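Nothing in this text is a laboratory measurement; each read-out follows from the coordinates by a stated rule. A quick note: this is a predicted structure, and the numbers were derived from the prediction, not measured. We place every Cβ from the backbone using ideal geometry, glycine too, and count neighbours over all the protein chains shown.
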Amino acid sequence: MRVLLVEDNEKISTALTGGLVAAGFPTDVAASGVEGEELASSGNYDIAVVDVMLPDRSGIEVCRNLRRRGVQSKILMLTGLSGVQDKIRGLDAGADDCVTKPFDLDELVARFRALMRRGDAGASRYLRFDDLKLDIYSRQAVRADKEIQLSNRESALLEVFMRNPNRPLARGQIAERVWGQMLEEDSNLIDVYVASLRRKCDYGFPTQLIHTVRGVGYRFGSL
């Protein structure tokens, strides 16, 4: 499940992005309404979290414009304590849910899950490749009818792989999409998680899906 956060307050966006990434939700940030609309229109996000107060236009206008463009991502709006009218206008503009600031990260994550359970969200709930299926809501994988329990980070890593089948991914790309930031050059964190993922999803199965690309990073898919 990939998240777009449209928030101009750097302190808030940094803290929220860190929390979401740690919870297993790869997150990109847009600091303005215009940037948010452009990124959201790419179709790469399951949920867009939009602050109602943005420097160039209101979050309500952003929400309305996204729906006019046919963007199907779930939209969750962030409003202030006294933002009852903002909530009403946001929902009328096409938002799926609204959260009042300040809020608890666990509540936000619970709302994400509720949103993805609604309506047509089930169509994008599962990723499949060969005999491997990933439920991006429960973070449970199944391969050849064998259930595989994944940690938040392992699930996020597998999701990145499965969304980019047979495509070499550099370590920098993986770090940015899974951890939300670049890692130190000498860090072996990615290799550690890939090794763990291989033990769970590759070992004991006839076809290897996670491959090392020397000098680049990794590739997910069949040979």
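Mind pulling the angle between the C-alpha long axis of helix 84-93 and the longest principal axis of the chain? Nearest 10 degrees, somewhere in 0 to 90.
So the helix axis and the longest Cα principal axis differ by about 60 degrees.
Show which lysines lie in cross-link reach of residue 101 when reach means a straight Cα distance below 21 angstrom and same-chain residues fewer than eight apart are skipped.
11, 74, 87
If you fit an axis through the alpha-carbon atoms of helix 10-22 and take the longest principal axis of the Cα set of the chain, what angle between them do you get, 0 to 90°, nearest 10?
With both axes taken from Cα atoms, the answer is about 40 degrees.
Among 166, 65, 188, which one shows the highest mean-square fluctuation when the chain is modelled as a Gaussian network with alpha-carbon springs under 10 Å?
188
Specify the residue with the greatest mean-square fluctuation among 46, 92, 28, computed from a Gaussian network of the chain linking alpha-carbon atoms under 10 Å apart.
Judging by the Gaussian network model, the answer is 92.
Considering only the chain, what is the antiparallel percent among its DSSP beta bridges, to the nearest 5?
50
How are the C-alpha pair distances of region 92-222 spread across 10 Å bins, as whole percents from the shortest bin up?
11, 38, 31, 16, 4, 0
Read through the labelled values (1) 1.00; (2) 1.26; (3) 1.10 and report the label of the one computed as Rg/Rh (Cα atoms, Kirkwood Rh) from the structure.
Computed from these coordinates, Rg/Rh (Cα atoms, Kirkwood Rh) corresponds to label (1).
If the reach is capped at under 21 angstrom between alpha carbons, list the lysines near residue 200, excluding any in the same chain fewer than eight residues apart.
Within the straight-line limit of under 21 Å, residue 200 reaches these lysines: 133, 146.
How would 74, 11, 200 line up from fewest to most surrounding beta-carbon atoms within 10 angstrom?
With the fewest neighbours first, 74, 11, 200 line up as 11, 200, 74.
So who's got an amide H within less than 5 Å of the one on residue 57, skipping anything under 5 residues away but keeping other chains? H placed 1.01 Å off N, in plane.
Distant-sequence amide H within range of residue 57: 33.
In square nanometres, what is the average projected area of the Cα convex hull of region 3-121?
Quarter of the Cα hull surface area: 6.5 nm².
Choose one answer from 206, 102, 165: the residue with the largest mean-square fluctuation in a GNM of the chain with alpha-carbon springs under 10 Å.
Judging by the Gaussian network model, the answer is 206.
For the chain, take the longest principal axis of its alpha carbons; what is the angle in degrees between that and the long axis of helix 59-68, to the nearest 10 within 0 to 90?
Approximately 70 degrees, to the nearest 10.
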